[in-house]
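The values are calculated or read from the model by the stated rules, or taken from the named source; none is laboratory data. In this text, all values refer to a predicted model and were calculated from it rather than measured experimentally. Glycine also receives a Cβ, built like all others from the backbone with ideal geometry; neighbour counts cover every protein chain displayed. Remember, those area values only see protein heavy atoms, side chains included, never the ligands or the DNA or RNA. Shrake-Rupley method; radii C 1.70, N 1.55, O 1.52, S 1.80 Å.
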Amino acid sequence: MKKGLLIALFTILIGISGNVKAQMFLGEAFVGLNFCQVDGDQMMGFYKKGVNAGVGVLTPVFQKRNFSIELSLEVLYNQKGAKQDAKYDTIFDPVTHQPLTGEYDLRLHYGEVPFMVYFTDKKFVSAGVGVSYARLMGLKEYEHGYETGVSLNSGDYNRDEFNILADVKIRVWKRLKLGFRYSYSLNPIRTRSFTDFEGNVTGPYKQYNNMFTLRLTYVFNEKLEDLKREEYHYQGDNPKFVNKENERALKKMIRQQQRQEKRNGKGKQ
């Protein structure tokens with residue numbers, strides 16, 4: 001099923017892009033920082049930070065004037081999880097006599113394949129939506145400062161994860177873009193019950209990854225000559241931009257005339 005999903009995504013990507021007159025595949029590289037939490041773990045706050053890094057391919061499937069629609073397929077290494085600092089210092093386990101600090105640290109390591117659809121205006125700002133498949137490759141869990149012993153083989157966590165994504169990115173310099181992405185699990189990553197200090201059990205609760213990402217995107221083979229400064233602004237009927245363009249054109253024409261007059265003057269001497 002997993003291989004079939006990836007094959008289907010590649011087929012859609014190549015098949016649709018074949019209808020574009022000016023077909024182009026653009027290579028991309030990503031690096032960013034995740035801000036994570038796990039919904040359903042009785043803690044709140046995007047305190048867990050992780051790495052978001054990988055590569056991708058982008059291709060336009062529709063272009064008209066300054067507007068375009070693009071498809072993107074990525075391969076990422078994604079760190080997710082949850083974190084809470086120590087909250088107590090005077091509570092001890094009645095059996096082990098170890099301190100119960102309330103500290104928690106969950107480290108999840110995923111290989112992830114997002115498939116995105118982007119809507120781009122003036123080659124400057126893009127907004128996208130999509131889905132992704134992620135495979136859990138490793139994990140560590142600490143409670144009250146001690147490792148719990150939960151592992152990939154213990155069966156506590158679902159190895160397969162599907163996510164829904166939303167993304168916005170803007171061009172900041174030539175081929176470099178700054179993006180902001182939101183991701184949420186479509187299926188539970190774990191189901192867990194909790195026991196309080198008095199031995200009362202609550203749950204079970206379904207848990208989901210909830211994550212924001214701030215990242216940089218570099219496009220390798222984008223043609224810089226296709227990027228014009230005027231495309232970064234809305235011109236329309238705004239006289240501010242029209243007047244500036246006219247002023248630049250007039251100054252350029254005057255400089256050309258002055259250079260021609262100098263050449264003509266030297267020729268007569």
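Which of the residue pairs K80/K140; K48/K140; K177/K251 have a Cα-Cα distance greater than 22 Å in the structure shown?
K177/K251
Taking the Cβ of Q207 as the center, what net charge do the other residues with Cβ under 9 Å away carry, scoring Lys and Arg +1 and Asp and Glu -1?
Net charge in that neighbourhood comes out at +1.
Using a 1.4 Å probe, how large is the accessible area of D105, given in Å² and rounded to the nearest 10?
Using a 1.4 Å probe on the heavy atoms, I get roughly 20 Å².
Determine how large the accessible area of I170 is when every protein chain is in place; take a 1.4 Å probe and give Å² rounded to the nearest 10.
60
Could you please put E261, E103, E161 in sequence from largest to smallest accessible area, using a 1.4 Å probe?
Ranked list, largest accessible area first: E261, E103, E161.
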